[in-house]
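J.: Sharing a structure with you now.
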Amino acid sequence: MKDSSVEVIWRALDKFNIELPSWGFANTGTRFGKFIQPAAATSVEDKFSDAVQVDAVTGACKTLALHVQWDLPRGLQDVNKVEGLAKKFGIHPGSINPNIFQNQEYKYGSVGNPDPAIRRLAINHILECVAIADALGSRDVSPWFADGSNYPGTQNIRTRIGYFEQGLQEIHSALKPGQRLLLEYKPFEPAFYHTDIADWGMAYLLAKNAGPQALVLVDTGHHYQSQNIEQIVAWLLHHQMMGGFHFNDRRYADDDLTLGSIDPYQIFRIFHEIHIFEWEKGTTADIAYMVDQSHNLKGKIEAMIQTVCTAQELYARAALVDRNRLSKYQQECSLVDAEETLRTAFWQDVRPVIREWRKSRGLPEDPLQAFRASGYLERITKERAEKNVGASASYA
Ligand code: RM4
Ligand code: MN
Ligand code: MN
């Protein structure tokens, strides 16, 4: 590979940080049951400890996304504990995720619930999350709303839009300067007829209505079949509304599969849109790159390492696109040459260059192999096995 290409890759990787999800280290399941893993994290301390292993071998994961109900069950009162863990493990709390989908109260929705008392409960919880984020020094509050309905005619769709507009405005007004509210959309599941924030257009309009610190979060798994995700990303970038990603891959629906395992070209094309935006504007897009995957079959830490490495590879490959040539070909409508410019970058094997980059940064050349050699997995399997035996696996 040319020296200039090597430099492009190194520069790209130096600035590419990926946030890990705390919930990706714990036992999670499908809607039919959980497959319990003996090494799964059993506490927030375990989650920090596991996340650090991923950072130790990849050097790319300096923050850990937290889900308030799962990681700070006592809300603000748990801030000190989490701060202590962050210090101990040297990884910062990342985005703060409210939980407005799990409690019985939210059966018919949270911020979109017809009952004003439930709407208040949900808004208050998110307001507490804003305060938690502020206390922990983390910038983004990113709620995902499971709100919706299962049968036609059972809810007033427009009334609920109004509830969301009002509620999100109130939440926005509690944001401190610099904080961001990231609105995630999802077309269906758990609601199967209508979801209140079903796509990027709805998230965009609600964010715009809430205020300037509200942006859109794109979970790559939350799209209809065959949707052009890079086009959505391009639109959000164009309107300065692209707040962050939840990375995962999907074959059918919200499968939470490993990033790039099904369609690496899709992820490459998303990264290309970001690189070309940054190149044209001469700035770095302020995007939070986060993973949202819960593996119940793969080893959780290994799956995260695999994900981070895949993200780095695809990000580096997209950085290699010769954008000068591409622009020229686009202008001339030289279709084959333009497409080949993209494909040439996609088919480059960047792994040897990434290995060199890792070495130069004091990181292991092969992160997965380094993790396996560390003995960490064997140690935690022993330490946690007993605690995990008692974990509930049942669906009904
Ligand atoms: C949802 C969505 C959210 C995540 C929950 C657990 O499908 O992706 O981001 O917080 O799952
Ligand atoms: Mn998500
Ligand atoms: Mn999801």
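J.: Evaluate the following for residue 182: is it of a type in the set (A, V, I, L, M), within 16 Å of ligand 3 (Cβ to nearest atom), over 20 Å from residue 74 (Cα atoms) and open to solvent by less than 10 Å² (accessible area, probe 1.4 Å)?
T.: It is true that residue 182 is of a type in the set (A, V, I, L, M), within 16 Å of ligand 3 (Cβ to nearest atom), over 20 Å from residue 74 (Cα atoms) and open to solvent by less than 10 Å² (accessible area, probe 1.4 Å).
J.: Just give me the residues in the stretch 318-339 being in contact with a helix residue (DSSP H, G or I) (Cβ under 7 Å, 6 or more places away or on another chain), open to solvent by 40 Å² or more (accessible area, probe 1.4 Å) and not in a helix (DSSP H, G or I), in sequence order.
T.: Correct list: 322 only.
J.: Please determine whether any residue of the stretch 175-184 is closer than 30 Å to residue 265 by Cβ and either of a type outside the set (A, V, I, L, M) or more than 16 Å from ligand 2 (Cβ to nearest atom) (or both).
T.: Yes, that holds for at least one residue.
J.: Further question: Contact list please: Cβ distance under 6 Å, first residue in the stretch 363-391 and surrounded by 14 or more Cβ atoms within 10 Å (Cβ to Cβ), second residue of a type in the set (Lys, Arg) and in a helix (DSSP H, G or I), pairs at least six apart or on different chains.
T.: What qualifies is 365/355; 365/358; 365/359.
J.: Moving to a separate point now. What tally of residues in the stretch 4-55 results from selecting those that are free of Cβ contacts under 8 Å to residues at least 24 places away in the same chain and over 23 Å from residue 284 (Cβ atoms)?
T.: Qualifying residue count for the region: 1.
J.: Next question, about the same structure. Output the number of the condition that residue 175 fails; it satisfies all remaining conditions of (1) surrounded by fewer than 22 Cβ atoms within 10 Å (Cβ to Cβ); (2) touching a Phe, Trp or Tyr at 6+ places or on another chain (Cβ under 8 Å); (3) in a loop (DSSP other than H, G, I, E, B).
T.: (2)
J.: Condition first: under 25 Å from the mean Cα position of the chain (by Cα) and not in a helix (DSSP H, G or I). Now tell me which residues in the stretch 366-396 satisfy that.
T.: The answer is 366, and nothing else.
J.: Of all residues in the stretch 9-35, which are part of a loop (DSSP other than H, G, I, E, B) and either modelled with pLDDT of 95 or more or polar (S, T, N, Q) (or both)?
T.: 15, 16, 17, 18, 27, 28
J.: In addition: If you check every pair at least six apart or on different chains, which have Cβ atoms under 6 Å apart with a residue in the stretch 278-295 that is at pLDDT 95 or above first and a residue that is open to solvent by 20 Å² or more (accessible area, probe 1.4 Å) and of a type in the set (Ser, Thr, Tyr) second?
T.: Every condition considered, the pairs that remain are 278/284.
The values are calculated or read from the model by the stated rules, or taken from the named source; none is laboratory data. Keep in mind the model is a prediction, meaning the values are calculated, not measured. Cβ coordinates were reconstructed from backbone atoms using ideal geometry, including for glycine residues, and neighbour counts include every protein chain displayed. We work out accessible area using only protein heavy atoms, side chains counted, and drop any ligands, DNA or RNA first. Shrake-Rupley method; radii C 1.70, N 1.55, O 1.52, S 1.80 Å.
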